[in-house]
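**Student:** Pasting a structure below so you can have a look.
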Amino acid sequence: MTELVGYLLSGLVTGAIFALLASGLTLSYSATGVFNFAHGAIGFLVALVFFELTTGLHWPVWPAAILSVGVLAPLLGYALHKMMFRGLATAGETAQI
């Protein structure tokens, strides 16, 4: 029974991660008209900054989370939109992919 609970929790976590990735890809495509295959890499970068702040610089979890998710992620999204996605929205399909 203990193994079943472990497999169930592992499956729920994996499914939740895939659902978040799929919804992020769908949201970025519907907002910009461009398939952002680097969606996972952007999430990884924010997670890496959070990890480095908490383990490398020994920041408390809440300030590191606020800086990573509340400041870095929106700024990164804004910068990518201004530098790349705005021009790609009017480009051809080959350039968009």
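**Student:** Among the numbered criteria (1) hydrophobic (A, V, I, L, M, F, W, C); (2) open to solvent by 60 Å² or more (accessible area, probe 1.4 Å); (3) in a helix (DSSP H, G or I); (4) within 19 Å of L72 (Cβ to Cβ), which one does V49 miss?
**Tutor:** Unmet for V49, out of (1) hydrophobic (A, V, I, L, M, F, W, C); (2) open to solvent by 60 Å² or more (accessible area, probe 1.4 Å); (3) in a helix (DSSP H, G or I); (4) within 19 Å of L72 (Cβ to Cβ): (2).
**Student:** Can you pull out the residues in the range 6-28 that are of a type in the set (S, T, N, Q) and open to solvent by less than 60 Å² (accessible area, probe 1.4 Å)? Lay out the reasoning, then the answer.
**Tutor:** Residues of the range 6-28 of a type in the set (S, T, N, Q): 10, 14, 23, 26, 28.
Correct list: S28 only.
**Student:** I'd like to know if the range 5-21 contains one or more residues that are part of a helix (DSSP H, G or I) and among the polar types (S, T, N, Q). Working first, answer last.
**Tutor:** Taking the range 5-21 as the starting set, the residues that turn out to be part of a helix (DSSP H, G or I) are 5-21.
Those still in the list that are among the polar types (S, T, N, Q) too: 10, 14.
So far as the range 5-21 goes, yes, one or more of its residues are part of a helix (DSSP H, G or I) and among the polar types (S, T, N, Q).
**Student:** Limited to the range 53-89, what total is found for residues that are under 24 Å from N36 (Cα atoms), surrounded by fewer than 14 Cβ atoms within 10 Å (Cβ to Cβ) and either in contact with a helix residue (DSSP H, G or I) (Cβ under 7 Å, 6 or more places away or on another chain) or of a type in the set (D, E, K, R) (or both)?
**Tutor:** Residues meeting the conditions: 3.
**Student:** What tally of residues in the range 29-40 results from selecting those that are surrounded by 10 or more Cβ atoms within 10 Å (Cβ to Cβ), part of a helix (DSSP H, G or I) and without any contact (Cβ under 8 Å) to a residue 40 or more places away in the chain?
**Tutor:** 4
The values are calculated or read from the model by the stated rules, or taken from the named source; none is laboratory data. Just so it is clear, the structure is predicted and the values come from calculations on it, not from any experiment. Positions of Cβ are backbone-derived with ideal geometry, glycine not excepted, and every protein chain shown enters the neighbour counts. Accessible surface areas use protein heavy atoms only, side chains included; no ligands, DNA or RNA. Shrake-Rupley method; radii C 1.70, N 1.55, O 1.52, S 1.80 Å.
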